[in-house]
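Trainee: Below is one structure. I have some questions about it.
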Amino acid sequence: MFGFGFSGLIDVLVLHHILQWHHLVSGLYPMNTLNGLQTNILADGLFSVGMLIIMGVGAGLLWQSERRTDVPLAMRPLAGAAIIGLGVFDVYDSVVDHALLGLHQPVGPGGQPLSFGGQYNPHWLVVSLLFIAAGYYVYRTGLQERARGAEELD
């Protein structure tokens, strides 16, 4: 959950606000009118609050897990889980926000699309799946490393 919320927050801060490639609902409300821009910025702000809440819930669950054990939580599985969450958000964004709902598409100067493949953004979907695979690898190898360490102590 923490990785999912973190990825969503980075997306809105970097792509929506700093680079201004798109806004959350720029596929529905134009970015080139004052009313459209105000609606888009409001939606971005509400989305940011939602991602902060998701991150907070994830951090709370992590804190609760840490308090329930006498053994410190292993960092590699935690990092792997966060990377998986990051990739899951990006898959969600590509499939749901971009393809199914058509809420927004990244655009560059002159309103030209930045992504090939139109609404489906296949290249970003592939990168997102690679994030999930990398996170799973880090998670699994971290668990295996921790298990080997526990066996050596026995």
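The values are calculated or read from the model by the stated rules, or taken from the named source; none is laboratory data. Fair warning: this is a prediction, and the values are worked out from it, not measured in the lab. Here the Cβ positions follow ideal geometry from the backbone for every residue, glycine too, while neighbour counts run over all protein chains shown. Ligands, DNA and RNA are excluded from the accessible area calculation, which covers all protein heavy atoms including side chains. Shrake-Rupley method; radii C 1.70, N 1.55, O 1.52, S 1.80 Å.
Trainee: Quick check for me: using +1 on Lys/Arg Cβ and -1 on Asp/Glu Cβ, what's the dipole size of the chain about its Cα centre, in debye to the nearest 20?
Mentor: Charge dipole of the chain: 60 debye, to the nearest 20.
Trainee: From the square roots a ≥ b ≥ c of the eigenvalues of the alpha-carbon gyration tensor of the range 17-59, which class results: rounded (a/c under 1.5), prolate (a/b over b/c), or oblate?
Mentor: prolate
Trainee: Let me ask something else. With a 1.4 Å probe and all protein chains kept in place, how do VAL49, VAL25, VAL95 rank by accessible area, largest first?
Mentor: VAL49, VAL95, VAL25
Trainee: Before I look further, what does the chain give for accessible area per residue, probe 1.4 Å, in whole square angstrom?
Mentor: So the chain comes to 62 Å² accessible per residue, rounded to a whole number.
Trainee: How many nm separate the modelled label positions at THR69 and GLN20, each set 7 Å beyond the Cα in the direction of the Cβ?
Mentor: Using points 7 Å along Cα→Cβ, the separation is 4.6 nm.
Trainee: Thinking of the chain as a set of Cα atoms, what percent of all their pairs are more than 23 Å apart?
Mentor: 45
Trainee: Express the relative contact order of the range 1-152 as a whole percentage, based on alpha carbon pairs under 8 Å and six or more residues apart in sequence.
Mentor: Rounded, it is 30 percent for the range 1-152.
Trainee: Let me ask something additional. In the range 1-96, what percent of the accessible surface is made up of carbon and sulfur (1.4 Å probe, ligands and nucleic acids excluded)?
Mentor: 71
Trainee: ARG148 versus ARG76, label points 7 Å from Cα toward the beta carbon: distance in nm?
Mentor: Label-label distance for ARG148 and ARG76, simple model: 0.7 nm.
Trainee: Continuing with this model, one more query. Evaluate E = 1/(1 + (r/R0)^6) for VAL107 and ILE10, where r is the Cβ-Cβ distance and R0 equals 22 Å; express this FRET efficiency to the nearest 0.05.
Mentor: Computed FRET efficiency for VAL107 and ILE10: 0.70.
Trainee: How do the peptides 1-10, 54-63 rank, highest first, by the average count of neighbouring beta carbon atoms within 10 Å per residue?
Mentor: Top of the packing list down: 1-10, 54-63.
Trainee: Something else: Considering amide H positions built from the backbone, and no H for Pro or chain starts, which residues 5 or more places from LEU24, or on another chain, come under 5 Å of its amide H?
Mentor: Under 5 Å from the amide H of LEU24 lie the amide H atoms of ASP44, each far enough along the sequence or on another chain.
Trainee: Using 0.36 nm times the number of residues separating ARG140 and LEU62, minus their current alpha carbon distance, what extension gain do you get?
Mentor: Here the segment from ARG140 to LEU62 would lengthen by 26.3 nm.
Trainee: Same structure again: Net charge within 13 Å of ILE18 by Cβ-Cβ distance, Lys/Arg positive one each and Asp/Glu negative one each, not counting ILE18 itself?
Mentor: After counting each charged neighbour, the total is -2.
Trainee: Determine, for each peptide in 32-42, 136-146, the mean count of other beta carbons within 10 angstrom over its residues, then list the peptides with the highest first.
Mentor: Per-residue Cβ counts within 10 Å, averaged per peptide and sorted highest first, yield 136-146, 32-42.
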